[in-house]
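Asker: What follows is a structure written as structure tokens; I'll ask about it next.
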Amino acid sequence: MIPVPDANPAIEALEASGIDHRLTEHGTVRSLEEAAAARGMEPRQVLKTLVVRRADDDFLFVLVPGDRQISWPKLRTHVGASRLSMPDAAVAHEATGYERGTITPFGSTTAWPVIADSLVVSREGPVSIGAGAPGVAANVDPTSLVDVLGADVVDVTEPL
């Protein structure tokens, strides 16, 4: 297990939100399957939090099930933008306060809008979302997650 840093804004925000959660801590993983097993989940239950740039200094979070990827045409249609992009690691860190692989909407330096793919809430069981540090995640109820984050729930993914 990796110790959670003493000051972790993600965990502080999770606790302040009142959402029921169970933290999991594990060592380095090399794949989605390893991360899922370490968290007691199936790969489809592990959420990727992706930072998407809409314009200069304008971002959003997209919650994507582990077995899916963003469908750029669907996402562009939903947000009404002809162009979206993934920022590089330095820009994502500046926009969120988190390093890639630890990004979460909880405790982000800016509360960017959140879009959750519709499969996040339509599948059974809890989901696992990153908790701001390597190897740390929170298992949560997906409906509670989208409610607490005020997420738009929309079909914005496709199979890998």
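Asker: Rounded to the nearest 5, what % of the DSSP beta bridges within region 41-159 are antiparallel ones? Numbers along the way, then the final one.
Answerer: Numbers: 16 of 23 bridges.
Within region 41-159, antiparallel bridges account for around 70 percent of the total.
Asker: Something else now. Summing +1 for each Lys or Arg and -1 for each Asp or Glu, what net charge is found among the other residues whose Cβ lies under 9 Å from the Cβ of ALA89?
Answerer: On the way: positive: ARG100; negative: ASP88, GLU99.
Net of charged neighbours comes to -1.
Asker: Right, here's the next one. Say each of THR77 and THR110 gets a label point 7 Å from the Cα, pointing the same way as Cα to Cβ; how far apart are those two points in nm?
Answerer: Result for the modelled spin labels: 2.8 nm.
Asker: Which FRET efficiency value, to the nearest 0.05, do you get for SER85 and GLU25 by plugging their Cβ-Cβ distance into 1/(1 + (r/R0)^6) with R0 = 45 Å? Mind dumping the intermediate values first?
Answerer: Values: r = 32 Å, r/R0 = 0.72.
In this case the efficiency is close to 0.90.
Asker: Hey, if you put +1 on the Cβ of every Lys and Arg and -1 on every Asp and Glu Cβ in the chain, which of GLY66, SER108, THR96 ends up farthest toward the positive end of that dipole?
Answerer: Of the candidates, GLY66 comes out farthest on the positive side.
Asker: Still on this structure, I have one more. Between GLU158 and ALA16, what is 0.36 nm times their sequence separation minus the Cα-Cα distance? Round to one decimal in nm. Intermediate values should be presented prior to the final figure.
Answerer: Numbers: separation 142, 0.36 × 142 = 51.12 nm, distance 3.30 nm.
Net length gain for the segment: 47.8 nm.
Asker: Please identify every one of the trypsin sites (Lys or Arg not before Pro) in region 16-66 that sits in a loop by DSSP and has no more than 10 other beta carbons within 10 Å of its own beta carbon. Each step should come with its number before you reach the end.
Answerer: On the way: sites: ARG22, ARG30, ARG39, ARG44, LYS48, ARG53, ARG54; in loops: ARG30, ARG39.
Those that pass, being in a loop and sparsely packed, are ARG30.
Asker: Then there is this: Find out how many positive minus negative residues lie around PRO126, taking Lys and Arg as positive, Asp and Glu as negative, among other residues whose Cβ is under 15 Å from that of PRO126. Write out the running numbers ahead of the final one.
Answerer: Numbers: positive: ARG22, ARG39, ARG44, ARG123; negative: ASP20, GLU42, GLU124, ASP141, ASP147.
Around PRO126, the charge tally is -1.
Asker: Per DSSP H run of at least 4 residues, take -39500 (n - 2.57); add these up for the chain, divide by its residues and hand me the 222 nm value, nearest 500 deg cm²/dmol.
Answerer: Working: 6 runs with 44 residues, N = 160.
The helix contribution divided over the chain gives -7000 deg cm²/dmol.
Asker: Could you tell me which of rounded, prolate or oblate describes region 41-159, using a ≥ b ≥ c as the square roots of the eigenvalues of the alpha-carbon gyration tensor, with rounded for a/c under 1.5 and, failing that, prolate when a/b is larger than b/c and oblate otherwise?
Answerer: oblate
Read the figures in this text as sums done on the coordinates, not as results from a lab. The shown structure was predicted, so the numbers you read here are calculated from the model rather than taken from an experiment. Here the Cβ is made from the backbone with ideal geometry for all residues, glycine too, and neighbour counts use every protein chain on show.
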